[in-house]
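Q: Sharing a structure with you now.
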Amino acid sequence: MVKRISTDNKVPLKKRILIIQTASLGDVILSTALAETLKAYIYENLLSNLGLAQKTYRDFLSLYPDHELSDDAEAALLNLGKSPEELVREFEARAAEQAAAAGK
């Protein structure tokens with residue numbers, strides 16, 4: 001359970017650090033960028049709110065286009081709402097296409 005979220009508003013948004021005090025973990029320090037990706041993940045996977053997940057991933061990419069998690073956010077957007085079975089089928093189809101192209 002989150003008891004307190006504090007930010008240093010004197011620091012630009014891209015460099016802000018969030019401190020989340022939880023009952024079980026004590027203070028957890030997250031960068032704003034990481035917090036945004038976690039928020040999108042929660043919207044997508046725990047709350048099943050794909051609209052807010054998509055918006056949050058896109059907002060992350062516009063704020064942090066060169067962040068180390070940008071590739072993950074782009075992949076999440078491409079796969080948003082797909083079932084594990086759909087993802088496996090797509091992976092298998094790409095692998096078959098690559099194998100066929102390599103055999104030419």
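Q: Given the peptides 60-66, 85-91, arrange them by the average over their residues of other C-beta atoms within 10 Å, most packed first.
A: Working: 60-66: 13.9, 85-91: 11.0.
Descending packing order for the listed peptides: 60-66, 85-91.
Q: Turning to a different aspect of this structure: Quick one: Karplus J couplings for region 39-48, per residue in order, coefficients 6.51, -1.76, 1.60, θ = phi - 60°, nearest Hz, x for Gly and Pro?
A: 3J(HN,Hα) across region 39-48, in whole Hz: 5, 4, 4, 5, 4, 6, 9, 9, 9, 6.
Q: Another one. Could you compute the net charge surrounding K55? Neighbours are other residues with a C-beta less than 12 Å from the C-beta of K55; K and R count +1, D and E count -1.
A: Numbers: positive: K39, R58; negative: E36, E44, D59.
The answer is -1.
Only the coordinates and a few stated rules stand behind these numbers; no lab work does. None of the values given here were measured: they were computed from a predicted structure. With ideal geometry, Cβ positions are generated from the backbone for all residues, glycine too; neighbour counts draw on all protein chains shown.
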